[in-house]
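The values are calculated or read from the model by the stated rules, or taken from the named source; none is laboratory data. Here the structure is a predicted model, which means the values were calculated and not measured. Here the Cβ positions follow ideal geometry from the backbone for every residue, glycine too, while neighbour counts run over all protein chains shown. Quick note on the areas: whole protein, heavy atoms, side chains included, nothing else; ligands and nucleic acids left out. Shrake-Rupley method; radii C 1.70, N 1.55, O 1.52, S 1.80 Å.
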Amino acid sequence: MIKIIFTAPVNGARQCVSKAVIKPILLKKNKAWQCEKIIENSAFHENISESDLRSFLERLFDESRYKQINIITIDHVIAYRMSKKLKLSMTKSANSAVLKSSLSHDKEKDYLLKEGMPVLPLVDLGIFTDDFHIIKAKYYKFKQINSFLKNIISGMGQEIYDTLRIVEFGCGKSYLTFILYHYFKYIKNINVTITGYDKDRYVVDLCNNVARKYQYENLKFMEGDVSQITRQENADMIVTLHACDTATDYALHYAIKNRIKYIFCVPCCQQEINAQIKRTNEYSLLLRYGLYKERFSALLTDCIRCEVLNDNGYYVDAVEFIGEENTPKNVMIRARFTGHKKNHSDEIKKLSLQFGIEHTLLKLMNV
Ligand SMILES: C[S@@+](CC[C@H](N)C(=O)[O-])C[C@H]1O[C@@H](n2cnc3c(N)ncnc32)[C@H](O)[C@@H]1O
(Lines give C-alpha, C1' and ligand atoms only; values in the text may rest on other atoms or scores of the structure.)
Protein backbone atom coordinates (compact mmCIF):
# COMPACT_ATOMS: atom_id res chain seq x y z
CA MET A 1 0.00 0.00 0.00
CA ILE A 2 1.48 3.35 -1.04
CA LYS A 3 -1.45 5.69 -0.28
CA ILE A 4 -5.16 5.94 0.40
CA ILE A 5 -6.86 9.13 -0.73
CA PHE A 6 -10.33 10.23 0.39
CA THR A 7 -11.90 13.08 -1.65
CA ALA A 8 -15.26 14.65 -2.47
CA PRO A 9 -17.05 14.50 0.89
CA VAL A 10 -20.83 14.22 0.77
CA ASN A 11 -21.07 16.61 3.69
CA GLY A 12 -18.99 19.24 1.88
CA ALA A 13 -19.63 21.73 4.65
CA ARG A 14 -17.10 24.11 6.18
CA GLN A 15 -14.81 22.64 8.80
CA CYS A 16 -15.03 19.25 7.14
CA VAL A 17 -11.98 17.32 5.92
CA SER A 18 -12.22 17.92 2.17
CA LYS A 19 -9.36 15.58 1.36
CA ALA A 20 -7.36 13.06 3.37
CA VAL A 21 -4.21 11.25 2.27
CA ILE A 22 -2.95 8.34 4.35
CA LYS A 23 0.61 7.05 3.83
CA PRO A 24 2.87 4.55 5.60
CA ILE A 25 5.65 6.00 7.74
CA LEU A 26 8.10 4.80 10.35
CA LEU A 27 7.71 6.09 13.89
CA LYS A 28 10.65 5.24 16.13
CA LYS A 29 11.36 2.44 13.64
CA ASN A 30 7.83 1.03 13.93
CA LYS A 31 5.46 0.84 11.02
CA ALA A 32 2.76 3.46 11.35
CA TRP A 33 0.59 5.67 9.15
CA GLN A 34 0.31 9.38 8.65
CA CYS A 35 -2.85 11.16 7.64
CA GLU A 36 -2.75 14.56 5.98
CA LYS A 37 -6.15 16.21 6.34
CA ILE A 38 -7.07 19.23 4.27
CA ILE A 39 -9.51 21.51 6.08
CA GLU A 40 -10.34 24.84 4.44
CA ASN A 41 -7.09 24.85 2.42
CA SER A 42 -4.88 24.12 5.42
CA ALA A 43 -3.06 20.84 5.97
CA PHE A 44 -3.11 19.04 9.32
CA HIS A 45 -1.11 15.93 10.13
CA GLU A 46 -1.92 13.08 12.42
CA ASN A 47 0.03 9.87 13.09
CA ILE A 48 -1.81 6.61 13.52
CA SER A 49 -0.45 3.35 14.85
CA GLU A 50 -0.75 0.25 12.68
CA SER A 51 -3.30 -1.29 15.06
CA ASP A 52 -5.52 1.82 15.03
CA LEU A 53 -5.57 2.26 11.25
CA ARG A 54 -8.82 0.42 10.60
CA SER A 55 -10.87 2.28 13.21
CA PHE A 56 -9.27 5.56 12.14
CA LEU A 57 -10.33 5.02 8.51
CA GLU A 58 -13.86 4.04 9.54
CA ARG A 59 -14.19 7.16 11.69
CA LEU A 60 -12.80 9.38 8.95
CA PHE A 61 -15.25 7.93 6.46
CA ASP A 62 -18.23 8.19 8.82
CA GLU A 63 -17.47 11.83 9.53
CA SER A 64 -17.55 13.05 5.93
CA ARG A 65 -18.83 10.18 3.74
CA TYR A 66 -16.46 10.57 0.80
CA LYS A 67 -17.69 9.96 -2.73
CA GLN A 68 -14.26 8.98 -4.00
CA ILE A 69 -11.63 6.76 -2.41
CA ASN A 70 -8.45 5.84 -4.27
CA ILE A 71 -6.24 3.08 -2.94
CA ILE A 72 -2.80 3.08 -4.50
CA THR A 73 -0.59 0.03 -4.28
CA ILE A 74 2.73 -0.60 -5.99
CA ASP A 75 0.92 -2.37 -8.84
CA HIS A 76 -2.56 -0.89 -8.95
CA VAL A 77 -4.81 2.10 -8.52
CA ILE A 78 -8.16 0.99 -7.13
CA ALA A 79 -10.82 3.69 -7.31
CA TYR A 80 -14.19 3.57 -5.54
CA ARG A 81 -16.74 6.16 -6.67
CA MET A 82 -20.24 6.98 -5.49
CA SER A 83 -22.46 8.53 -8.19
CA LYS A 84 -25.08 11.24 -7.58
CA LYS A 85 -27.68 8.46 -7.60
CA LEU A 86 -25.71 6.77 -4.84
CA LYS A 87 -24.45 3.99 -7.08
CA LEU A 88 -21.08 2.58 -6.06
CA SER A 89 -18.55 1.64 -8.73
CA MET A 90 -15.04 0.28 -8.53
CA THR A 91 -12.26 0.35 -11.13
CA LYS A 92 -8.84 -1.20 -10.92
CA SER A 93 -6.00 -0.20 -13.22
CA ALA A 94 -2.25 -0.64 -13.38
CA ASN A 95 -0.29 1.94 -11.43
CA SER A 96 0.86 4.10 -14.35
CA ALA A 97 3.68 5.67 -12.34
CA VAL A 98 5.31 2.27 -11.94
CA LEU A 99 4.39 1.25 -15.48
CA LYS A 100 5.80 4.45 -16.93
CA SER A 101 9.11 4.02 -15.20
CA SER A 102 9.35 0.39 -16.26
CA LEU A 103 8.71 1.34 -19.90
CA SER A 104 10.74 4.51 -20.09
CA HIS A 105 14.34 4.58 -21.18
CA ASP A 106 15.55 6.87 -18.46
CA LYS A 107 18.11 5.83 -15.87
CA GLU A 108 15.44 4.93 -13.34
CA LYS A 109 14.28 1.94 -15.33
CA ASP A 110 17.26 -0.06 -14.08
CA TYR A 111 15.86 0.00 -10.57
CA LEU A 112 13.08 -2.46 -9.94
CA LEU A 113 12.93 -1.18 -6.41
CA LYS A 114 13.03 2.55 -6.36
CA GLU A 115 13.84 5.13 -3.82
CA GLY A 116 10.60 6.11 -2.10
CA MET A 117 9.05 2.65 -2.19
CA PRO A 118 7.93 1.90 1.36
CA VAL A 119 10.01 -1.24 1.90
CA LEU A 120 10.18 -0.92 5.67
CA PRO A 121 12.79 -3.61 6.46
CA LEU A 122 15.28 -1.69 4.32
CA VAL A 123 15.01 1.13 6.86
CA ASP A 124 15.85 -1.23 9.72
CA LEU A 125 18.75 -2.69 7.76
CA GLY A 126 20.22 0.73 7.06
CA ILE A 127 19.70 0.97 3.29
CA PHE A 128 16.84 3.49 3.41
CA THR A 129 16.34 6.54 5.58
CA ASP A 130 13.08 6.81 7.56
CA ASP A 131 11.45 8.47 4.56
CA PHE A 132 12.71 5.78 2.15
CA HIS A 133 15.65 7.59 0.55
CA ILE A 134 18.79 5.58 -0.12
CA ILE A 135 21.48 6.18 2.49
CA LYS A 136 24.46 7.55 0.54
CA ALA A 137 26.96 5.01 1.84
CA LYS A 138 24.65 2.18 0.76
CA TYR A 139 24.02 3.41 -2.77
CA TYR A 140 26.39 0.84 -4.34
CA LYS A 141 24.82 -2.00 -2.39
CA PHE A 142 21.34 -0.86 -3.40
CA LYS A 143 22.39 -0.89 -7.06
CA GLN A 144 23.98 -4.31 -6.64
CA ILE A 145 20.90 -5.92 -5.15
CA ASN A 146 18.68 -4.39 -7.79
CA SER A 147 20.90 -5.69 -10.58
CA PHE A 148 21.06 -9.07 -8.90
CA LEU A 149 17.27 -9.18 -8.86
CA LYS A 150 17.10 -8.10 -12.51
CA ASN A 151 19.37 -11.00 -13.45
CA ILE A 152 17.23 -13.45 -11.53
CA ILE A 153 14.15 -12.24 -13.35
CA SER A 154 15.75 -12.52 -16.78
CA GLY A 155 17.34 -15.87 -15.84
CA MET A 156 13.95 -17.30 -14.84
CA GLY A 157 12.44 -16.30 -18.18
CA GLN A 158 8.69 -16.45 -18.72
CA GLU A 159 7.93 -19.30 -16.36
CA ILE A 160 5.08 -18.59 -13.97
CA TYR A 161 5.29 -19.68 -10.36
CA ASP A 162 2.66 -19.87 -7.61
CA THR A 163 5.26 -20.87 -5.06
CA LEU A 164 9.00 -20.40 -4.97
CA ARG A 165 11.56 -21.64 -2.48
CA ILE A 166 14.89 -19.86 -2.29
CA VAL A 167 18.00 -20.56 -0.22
CA GLU A 168 20.72 -17.98 0.24
CA PHE A 169 24.15 -18.81 1.64
CA GLY A 170 26.34 -16.16 3.27
CA CYS A 171 23.41 -13.74 3.44
CA GLY A 172 25.13 -11.30 5.85
CA LYS A 173 22.80 -8.41 6.67
CA SER A 174 20.47 -9.80 4.01
CA TYR A 175 19.65 -6.73 1.96
CA LEU A 176 19.29 -9.01 -1.05
CA THR A 177 17.21 -11.54 0.87
CA PHE A 178 14.68 -8.95 2.04
CA ILE A 179 14.43 -7.46 -1.44
CA LEU A 180 13.85 -10.88 -3.00
CA TYR A 181 11.15 -11.57 -0.42
CA HIS A 182 9.51 -8.20 -0.98
CA TYR A 183 9.65 -8.52 -4.77
CA PHE A 184 8.31 -12.05 -5.08
CA LYS A 185 5.71 -11.78 -2.32
CA TYR A 186 4.36 -8.26 -2.62
CA ILE A 187 5.09 -7.30 -6.23
CA LYS A 188 4.68 -10.67 -7.97
CA ASN A 189 2.22 -12.20 -5.46
CA ILE A 190 4.16 -15.44 -5.38
CA ASN A 191 4.04 -17.57 -2.27
CA VAL A 192 7.78 -17.31 -1.64
CA THR A 193 9.76 -18.99 1.12
CA ILE A 194 13.35 -17.94 1.73
CA THR A 195 15.95 -19.32 4.11
CA GLY A 196 19.11 -17.30 4.57
CA TYR A 197 22.16 -18.99 6.09
CA ASP A 198 25.14 -17.27 7.61
CA LYS A 199 27.81 -18.43 10.01
CA ASP A 200 27.64 -15.15 11.89
CA ARG A 201 25.14 -15.43 14.75
CA TYR A 202 24.84 -11.65 15.12
CA VAL A 203 23.50 -11.06 11.57
CA VAL A 204 21.21 -14.09 11.79
CA ASP A 205 19.56 -12.75 14.97
CA LEU A 206 19.35 -9.25 13.55
CA CYS A 207 17.66 -10.42 10.34
CA ASN A 208 15.25 -12.76 12.15
CA ASN A 209 14.17 -9.85 14.35
CA VAL A 210 13.49 -7.65 11.32
CA ALA A 211 11.58 -10.46 9.54
CA ARG A 212 9.46 -11.04 12.66
CA LYS A 213 8.81 -7.34 13.11
CA TYR A 214 7.19 -7.11 9.66
CA GLN A 215 5.53 -10.53 9.88
CA TYR A 216 7.51 -11.88 6.97
CA GLU A 217 6.39 -15.34 7.94
CA ASN A 218 8.18 -17.29 5.25
CA LEU A 219 11.52 -15.57 5.61
CA LYS A 220 13.88 -17.24 8.06
CA PHE A 221 17.55 -16.98 8.89
CA MET A 222 19.66 -19.78 10.26
CA GLU A 223 23.12 -19.84 11.74
CA GLY A 224 25.35 -22.30 9.96
CA ASP A 225 28.53 -22.84 8.03
CA VAL A 226 27.59 -23.65 4.46
CA SER A 227 30.10 -26.52 4.45
CA GLN A 228 28.09 -28.21 7.21
CA ILE A 229 24.54 -27.68 6.02
CA THR A 230 22.76 -30.92 5.29
CA ARG A 231 19.18 -29.79 5.91
CA GLN A 232 17.02 -30.34 2.81
CA GLU A 233 15.14 -27.25 1.70
CA ASN A 234 13.53 -28.55 -1.53
CA ALA A 235 14.59 -25.25 -3.00
CA ASP A 236 13.96 -23.99 -6.53
CA MET A 237 16.80 -21.53 -6.38
CA ILE A 238 20.15 -20.92 -4.68
CA VAL A 239 21.62 -17.45 -4.42
CA THR A 240 24.92 -16.20 -3.06
CA LEU A 241 26.26 -12.67 -3.20
CA HIS A 242 29.90 -12.29 -2.25
CA ALA A 243 29.91 -15.33 0.00
CA CYS A 244 33.55 -15.63 0.92
CA ASP A 245 36.12 -17.85 -0.80
CA THR A 246 35.08 -21.52 -0.85
CA ALA A 247 31.58 -20.81 0.57
CA THR A 248 30.53 -20.53 -3.09
CA ASP A 249 31.83 -24.07 -3.76
CA TYR A 250 29.81 -25.51 -0.90
CA ALA A 251 26.73 -23.62 -2.11
CA LEU A 252 27.21 -24.99 -5.65
CA HIS A 253 27.75 -28.49 -4.29
CA TYR A 254 24.52 -28.17 -2.29
CA ALA A 255 22.67 -27.05 -5.42
CA ILE A 256 24.06 -29.87 -7.58
CA LYS A 257 23.41 -32.51 -4.94
CA ASN A 258 19.82 -31.36 -4.51
CA ARG A 259 19.27 -30.74 -8.25
CA ILE A 260 18.18 -27.20 -7.59
CA LYS A 261 16.84 -25.65 -10.73
CA TYR A 262 18.29 -22.14 -10.60
CA ILE A 263 21.66 -20.96 -9.35
CA PHE A 264 22.66 -17.30 -9.14
CA CYS A 265 26.09 -16.92 -7.53
CA VAL A 266 28.41 -13.95 -7.39
CA PRO A 267 31.70 -15.31 -6.02
CA CYS A 268 34.13 -13.27 -3.97
CA CYS A 269 37.72 -13.43 -2.72
CA GLN A 270 38.84 -16.62 -4.48
CA GLN A 271 41.73 -17.14 -2.05
CA GLU A 272 41.94 -20.90 -2.16
CA ILE A 273 43.49 -21.26 -5.60
CA ASN A 274 45.59 -18.12 -5.24
CA ALA A 275 47.28 -19.67 -2.20
CA GLN A 276 47.94 -22.99 -3.96
CA ILE A 277 48.72 -22.13 -7.57
CA LYS A 278 52.28 -22.94 -8.66
CA ARG A 279 54.55 -21.43 -11.27
CA THR A 280 55.88 -24.74 -12.46
CA ASN A 281 54.43 -25.05 -15.94
CA GLU A 282 55.01 -23.32 -19.27
CA TYR A 283 52.40 -20.67 -18.37
CA SER A 284 54.23 -19.47 -15.25
CA LEU A 285 54.55 -16.06 -16.89
CA LEU A 286 50.89 -15.53 -16.09
CA LEU A 287 51.61 -15.68 -12.39
CA ARG A 288 54.67 -13.49 -12.08
CA TYR A 289 52.90 -10.37 -10.86
CA GLY A 290 50.76 -10.56 -7.73
CA LEU A 291 47.81 -8.72 -9.20
CA TYR A 292 47.67 -10.90 -12.32
CA LYS A 293 48.18 -14.01 -10.22
CA GLU A 294 45.19 -13.03 -8.11
CA ARG A 295 43.03 -12.35 -11.16
CA PHE A 296 44.14 -15.48 -12.96
CA SER A 297 43.41 -17.56 -9.84
CA ALA A 298 39.92 -16.08 -9.60
CA LEU A 299 39.34 -16.83 -13.28
CA LEU A 300 40.57 -20.41 -12.92
CA THR A 301 38.42 -20.92 -9.81
CA ASP A 302 35.26 -19.72 -11.50
CA CYS A 303 35.91 -21.42 -14.89
CA ILE A 304 36.23 -24.74 -13.09
CA ARG A 305 33.00 -24.03 -11.18
CA CYS A 306 31.17 -23.42 -14.48
CA GLU A 307 32.51 -26.63 -16.05
CA VAL A 308 31.52 -28.69 -13.01
CA LEU A 309 28.00 -27.29 -13.25
CA ASN A 310 27.97 -28.10 -16.97
CA ASP A 311 29.08 -31.66 -16.29
CA ASN A 312 26.23 -32.03 -13.82
CA GLY A 313 23.42 -31.08 -16.14
CA TYR A 314 23.31 -27.31 -15.87
CA TYR A 315 23.16 -24.77 -18.66
CA VAL A 316 25.60 -22.08 -17.50
CA ASP A 317 26.55 -18.56 -18.38
CA ALA A 318 28.75 -15.99 -16.68
CA VAL A 319 27.69 -12.36 -16.85
CA GLU A 320 28.82 -9.05 -15.45
CA PHE A 321 25.79 -8.42 -13.29
CA ILE A 322 26.89 -4.84 -12.58
CA GLY A 323 29.63 -2.48 -13.79
CA GLU A 324 33.15 -2.84 -12.45
CA GLU A 325 33.00 0.67 -10.99
CA ASN A 326 30.39 -0.66 -8.52
CA THR A 327 32.35 -3.70 -7.38
CA PRO A 328 35.37 -5.53 -8.85
CA LYS A 329 33.63 -8.78 -7.87
CA ASN A 330 30.98 -8.28 -10.50
CA VAL A 331 30.71 -11.62 -12.27
CA MET A 332 27.62 -13.71 -11.73
CA ILE A 333 27.49 -17.42 -12.48
CA ARG A 334 23.96 -18.16 -13.67
CA ALA A 335 22.93 -21.77 -14.09
CA ARG A 336 19.70 -23.60 -14.90
CA PHE A 337 19.26 -27.34 -14.52
CA THR A 338 18.44 -28.97 -17.86
CA GLY A 339 19.69 -32.51 -17.23
CA HIS A 340 22.02 -32.41 -20.27
CA LYS A 341 25.35 -33.46 -18.85
CA LYS A 342 28.69 -32.65 -20.49
CA ASN A 343 32.00 -34.26 -19.67
CA HIS A 344 34.97 -32.00 -19.12
CA SER A 345 36.47 -33.97 -16.25
CA ASP A 346 39.67 -34.92 -18.11
CA GLU A 347 40.36 -31.32 -19.08
CA ILE A 348 39.62 -30.13 -15.56
CA LYS A 349 41.94 -32.72 -14.02
CA LYS A 350 44.72 -31.81 -16.48
CA LEU A 351 44.38 -28.13 -15.68
CA SER A 352 44.38 -28.79 -11.92
CA LEU A 353 47.53 -30.91 -12.24
CA GLN A 354 49.31 -28.34 -14.36
CA PHE A 355 48.75 -25.61 -11.80
CA GLY A 356 49.06 -27.86 -8.76
CA ILE A 357 45.67 -26.96 -7.33
CA GLU A 358 43.03 -28.78 -5.33
CA HIS A 359 39.74 -27.01 -5.96
CA THR A 360 37.14 -27.49 -3.20
CA LEU A 361 34.26 -28.10 -5.62
CA LEU A 362 36.29 -30.81 -7.41
CA LYS A 363 37.00 -32.50 -4.09
CA LEU A 364 33.34 -32.32 -3.10
CA MET A 365 32.27 -33.78 -6.45
CA ASN A 366 35.04 -36.44 -6.41
CA VAL A 367 36.47 -35.22 -9.73
C1 LIG B 1 30.98 -10.21 2.19
S2 LIG B 1 29.64 -10.75 3.16
C3 LIG B 1 28.32 -10.64 2.02
C4 LIG B 1 27.00 -10.54 2.68
C5 LIG B 1 25.79 -10.35 1.76
N6 LIG B 1 25.58 -11.50 0.93
C7 LIG B 1 25.92 -9.10 0.95
O8 LIG B 1 26.26 -9.17 -0.24
O9 LIG B 1 25.71 -8.01 1.49
C10 LIG B 1 29.94 -12.47 3.28
C11 LIG B 1 29.04 -13.16 4.28
O12 LIG B 1 29.23 -14.57 4.12
C13 LIG B 1 29.28 -15.17 5.39
N14 LIG B 1 30.06 -16.40 5.23
C15 LIG B 1 31.34 -16.54 4.84
N16 LIG B 1 31.72 -17.83 4.80
C17 LIG B 1 30.62 -18.54 5.18
C18 LIG B 1 30.38 -19.91 5.36
N19 LIG B 1 31.34 -20.81 5.13
N20 LIG B 1 29.15 -20.31 5.76
C21 LIG B 1 28.18 -19.39 6.01
N22 LIG B 1 28.36 -18.07 5.86
C23 LIG B 1 29.56 -17.63 5.45
C24 LIG B 1 29.95 -14.15 6.28
O25 LIG B 1 29.64 -14.34 7.65
C26 LIG B 1 29.36 -12.85 5.72
O27 LIG B 1 28.19 -12.48 6.41
* Percent breakdown of C-alpha pair distances by 5 Å bin, ordered from the shortest bin, for region 3-98 -> 3, 13, 20, 23, 20, 15, 5, 1, 0, 0
* What is the gain in length, in nm to one decimal, between residue 38 and residue 54 on full extension, counting 0.36 nm per residue of separation less the C-alpha to C-alpha distance? -> 3.8 nm
* To do: Give me the number: length gained by fully extending residue 139 to residue 317, i.e. 0.36 nm times residue separation minus the C-alpha to C-alpha distance, one decimal in nm.
  => 61.4 nm
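Take the residue pairs 220/363; 31/220; 114/257; 199/342; 31/138; 92/188 and return only those whose Cα atoms are more than 27 Å apart.
Details: 220/363 30 Å; 31/220 20 Å; 114/257 37 Å; 199/342 34 Å; 31/138 22 Å; 92/188 17 Å.
Violating the 27 Å Cα-Cα cut-off are 220/363; 114/257; 199/342.
Pop the C-beta distance of residue 65 and residue 130 into the FRET formula with R0 = 25 Å and round what comes out to the nearest 0.05. Don't skip to the answer; put the middle values down first.
Details: r = 34 Å, r/R0 = 1.35.
About 0.15, to the nearest 0.05.
Hey, can you rank 77-87, 222-232, 115-125 by average C-beta count inside 10 Å, highest first?
On the way: 77-87: 12.0, 222-232: 13.5, 115-125: 19.0.
Peptide ranking by packing, descending: 115-125, 222-232, 77-87.
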* To do: Would you mind working out the accessible area per residue for region 106-364, using a 1.4 Å probe, and quoting it in Å²?
  => 49 Å²
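Roughly how many debye, to the nearest 20, is the charge dipole of the chain about its Cα centre, given +1 on each Lys and Arg Cβ, -1 on each Asp and Glu Cβ, and no other charges?
Details: 53 positive and 42 negative charges, 229 e Å.
With Lys and Arg at +1 and Asp and Glu at -1, about 1100 debye.
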* Asked: Going highest first, how would you order 165-172, 241-248, 335-342, 206-213 by mean Cβ packing within 10 Å?
  -> 165-172, 241-248, 206-213, 335-342
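If you take all C-alpha pairs in the chain, what percent of them are over 36 Å apart? Each step should come with its number before you reach the end.
Values: 23866 of 67161 pairs.
Result for the distance tail: 36 percent.
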* **Spatial separation of Cα centroids for region 26-42 and region 248-268, in angstrom** => 46 Å
* **With Cα atoms, 0 to 90° folded angle of helix 290-311 axis to the chain main axis** => 80 degrees
* To do: Please calculate how many Å² of accessible area region 3-98 carries per residue, with a 1.4 Å probe and no DNA, RNA or ligand atoms counted.
  => 64 Å²
* Structure fact -> Under the 7 Å Cα-to-Cβ spin-label approximation, residue 291 and residue 3 lie apart by a distance in nanometres of 5.1 nm
* What is region 3-98's relative contact order, in percent, from Cα pairs under 8 angstrom and six or more apart in sequence? -> 24 percent
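Report, for region 106-364, the % of DSSP beta bridges that are antiparallel, rounded to 5.
Values: 12 of 33 bridges.
Restricted to region 106-364, the bridges split so that about 35 percent are antiparallel.
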* To do: Quick one: check the C-alpha center-to-center distance for region 110-149 versus region 307-330, whole angstrom.
  => 24 Å
* Using the alpha carbon gyration tensor of region 117-161, what are the three equivalent-ellipsoid semi-axes (square root of 5 times each eigenvalue), largest first, in whole Å? -> 25, 12, 7
* What relative contact order, as a whole-number percentage, does the chain give when Cα pairs under 8 Å and 6 or more residues apart are counted? -> 10 percent
* To do: Report the extension gain between residue 232 and residue 47 in nm, rounded to one decimal, defined as 0.36 nm multiplied by the number of residues separating them, less their alpha carbon distance.
  => 62.1 nm
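May I ask you to give the percent of accessible area on the chain that is carbon plus sulfur, with a probe radius of 1.4 Å?
Working: 10040 of 19790 Å².
Taking all protein chains in place, the chain shows 51 percent carbon and sulfur surface.
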